[in-house]
Amino acid sequence: MEAEIIVDVGPNETRVALLEDGELVELHIEKNSSERFVGNIYRGKVKDVLPGMQAAFIDIGYERNAFLYVTDAISQSEYSDNENEKLKGKNLNVCDVLKPGQEITVQVIKEPIGTKGPRVTTHITLPGRYMVLLPNANYTGVSRRIENEDERVRLKKIADSLKPEGKGLIVRTAAEGKETEDFLKDLDYLTKLWETTKKKEYKGHVPRCIYQEYNIVERTVRDLFTQDISKFVINDVQQYERVLELLDLISPSLKARVKYFSKDYQIFEYYQIESQILRAMSRKVWLKSGGYIIIDKTEALTVIDVNTGKFTGRHSLEDTVVKTNIEAAAEIAKQLRLRDIGGIIIIDFIDMHESEHQKMVMDSLIQSLKKDRTKTTVVGMTGLGLIEMTRKKVRSELSTIMSDDCPYCGGTGKAPYKK
């Protein structure tokens, strides 16, 4: 599989496309006029404490207050390296932890969406190329996407040997196969970055931003541009030079793969990405067999329906259904990643009578989801044969970024009947 990163730097927005064998699998968009939030660290002030929700509103200087759950406000020493395993503080009341007017340092973990403000945490993370520094924790961990157990043990030992006293480290997926020397530059940079940020914590007015995350091009270099990427193409000279500067620091061997796109042609048109974006905005997605899936978004969840469509099969109805469902499972995983759909997701596969066939489709879905960097959890199958799953919601979905509700129908797709 050949993977490429194509970056379109425009006057109003920057778009980053990740292609696998020429197919668009991820699209990231950042408007030049909008403020970036996720990853930023703020010195904020508690505005309201909500005992009934075990949360608080934090003023970080944004037009809407940020939301902080009590579990995100207590020390990370209350947890083990399994983020879901809470060791202490089960009965903590938010009023015992936060008081109105209290100053607090928080990091944004979820963008403001709709009428909701950003979600924040006191569990600060500073990502580098190969590891993440946890200034307020005291443990080490290894990315779950590294599945080889021997490699996990080896990387855990390296992290344990390098962990600064009183701080935590998480080894990132890109670190697979790397040696101790590869981590030293990363750790030195992250340690100095935290020291600089810490010095700003108690100087200046509150609220204010004390650390701003990289822009979309810099984040792409840090998080996506690995040895698996054969080519990184960008159409802006200044950003091209900035990419080379970053690679000098984190991965000089990749510099030869960076290309400046100087053709008098739209870069996304040249790589046939625009047509694939239109497909990603469509409610109906056709499968190669002739079947199709329908993706419908509601306020509470996303519903995906699978249909055989034009596919009639050759042997039996059950065989036709199973083949359609397996193909749909791979396409659904791809569409969730491409559209950045988060929250609760319900999938209505075509009914299958054999439990063996149901397991085949479930296994196919889980395997296809492994390519997704965003955490997903397949809960299982309901009594009605529906697949329940969740996908972590961090940023606005692609449909929200690239479209607005119709002013005539309010986004319902239906207009009142006129007599």
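General observations
- For the condition open to solvent by less than 50 Å² (accessible area, probe 1.4 Å) and at pLDDT 90 or above, Ile366 does not qualify.
- Against the numbered list (1) assigned to a loop (DSSP other than H, G, I, E, B); (2) at pLDDT 90 or above; (3) more than 30 Å from Arg15 (Cβ to Cβ); (4) not aliphatic (A, V, I, L, M), Lys45 comes up short only at (1).
Conditions (1) in a helix (DSSP H, G or I); (2) open to solvent by less than 40 Å² (accessible area, probe 1.4 Å); (3) modelled with pLDDT of 90 or more; (4) not acidic (Asp, Glu), marked per residue:
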{"site": "Phe57", "(1), (2), (3), (4)": "no, no, yes, yes"}
{"site": "Glu83", "(1), (2), (3), (4)": "no, no, no, no"}
{"site": "Lys90", "(1), (2), (3), (4)": "no, no, no, yes"}
{"site": "Asp96", "(1), (2), (3), (4)": "yes, no, no, no"}
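- Matching residues, the range 233-257, being open to solvent by less than 30 Å² (accessible area, probe 1.4 Å) and either more than 23 Å from the chain's Cα centre (by Cα) or closer than 30 Å to Ile124 by Cα (or both): Val243, Leu246, Leu247, Ser251, Leu254
- Residues located in the range 141-171, provided they are outside any helix (DSSP H, G or I) and crowded, with 22+ Cβ neighbours inside 10 Å: Val142, Gly168, Leu169, Val171
- Subset of the range 258-277 [more than 17 Å from Gln238 (Cα to Cα) and either open to solvent by less than 70 Å² (accessible area, probe 1.4 Å) or not in a loop (DSSP other than H, G, I, E, B) (or both)]: Phe268, Glu269, Tyr270, Tyr271, Ile273, Glu274, Ser275, Gln276, Ile277
- Under the condition of being of a type in the set (D, E, K, R) and either on the phi > 0 side of the Ramachandran plot or part of a helix (DSSP H, G or I) (or both), the residues counted in the range 212-255 number 9.
- Candidates Thr197, Thr121: the one that is at pLDDT 90 or above, within 17 Å of Val38 (Cα to Cα), among the polar types (S, T, N, Q) and within 23 Å of the chain's Cα centre (by Cα) is Thr121.
- Pairs are defined by a Cβ separation below 7 Å, a sequence spacing of at least 6 or placement on different chains, a first member in the range 357-382 that is assigned to a loop (DSSP other than H, G, I, E, B), and a second member that is acidic (Asp, Glu); the pairs so defined are Thr382/Glu388.
- Of all residues in the range 387-416 being among the charged types (D, E, K, R) and without any contact (Cβ under 8 Å) to a residue 60 or more places away in the chain, the one that is nearest to Ile326 (Cα to Cα): Glu388
- Within the range 209-220, the set of residues being open to solvent by less than 50 Å² (accessible area, probe 1.4 Å) and touching a Phe, Trp or Tyr at 6+ places or on another chain (Cβ under 7 Å) comprises just one member, Ile210.
- From the list Lys359, Lys371, the one residue that fits, being touching a Lys or Arg at 6+ places or on another chain (Cβ under 9 Å) and open to solvent by 90 Å² or more (accessible area, probe 1.4 Å), is Lys371.
- The one condition in (1) in contact (Cβ under 8 Å) with a residue 60 or more places away in the chain; (2) part of a strand (DSSP E or B); (3) of a type outside the set (Ser, Thr, Tyr) that Asn138 fails to fulfil: (2)
- The numbered conditions (1) assigned to a loop (DSSP other than H, G, I, E, B); (2) more than 30 Å from Ser368 (Cα to Cα); (3) modelled with pLDDT of 85 or more are all true for Glu35 except (3).
- Answer residue from the range 186-208, given it is of a type in the set (A, V, I, L, M, F, W, C) and assigned to a helix (DSSP H, G or I) and is surrounded by the most Cβ atoms within 10 Å (Cβ to Cβ) among those: Leu190
- Among residues of the range 374-408, those that are farther than 19 Å from Asp296 by Cα, open to solvent by 50 Å² or more (accessible area, probe 1.4 Å) and within 10 Å of the chain's Cα centre (by Cα), counted: 1
Table: residues versus (1) at pLDDT below 95; (2) in contact with a helix residue (DSSP H, G or I) (Cβ under 8 Å, 6 or more places away or on another chain); (3) farther than 30 Å from Gly342 by Cβ; (4) not aliphatic (A, V, I, L, M).
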| position | (1), (2), (3), (4) |
| --- | --- |
| Ser253 | yes, no, yes, yes |
| Tyr260 | no, yes, yes, yes |
| Glu274 | yes, yes, no, yes |
| Leu278 | yes, no, no, no |
| Ser289 | yes, yes, no, yes |
| Tyr292 | yes, no, no, yes |
| Thr298 | yes, no, no, yes |
| Ile304 | no, yes, no, no |
| Lys310 | yes, no, yes, yes |
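The values are calculated or read from the model by the stated rules, or taken from the named source; none is laboratory data. Model, not experiment: these values are computed from the prediction. Don't worry about glycine lacking a Cβ; one is built from the backbone with ideal geometry, like all the others, and counts go over all protein chains shown. Please note that ligands, DNA and RNA were not included when accessible areas were found on the heavy atoms of the full protein model with its side chains. Shrake-Rupley method; radii C 1.70, N 1.55, O 1.52, S 1.80 Å.
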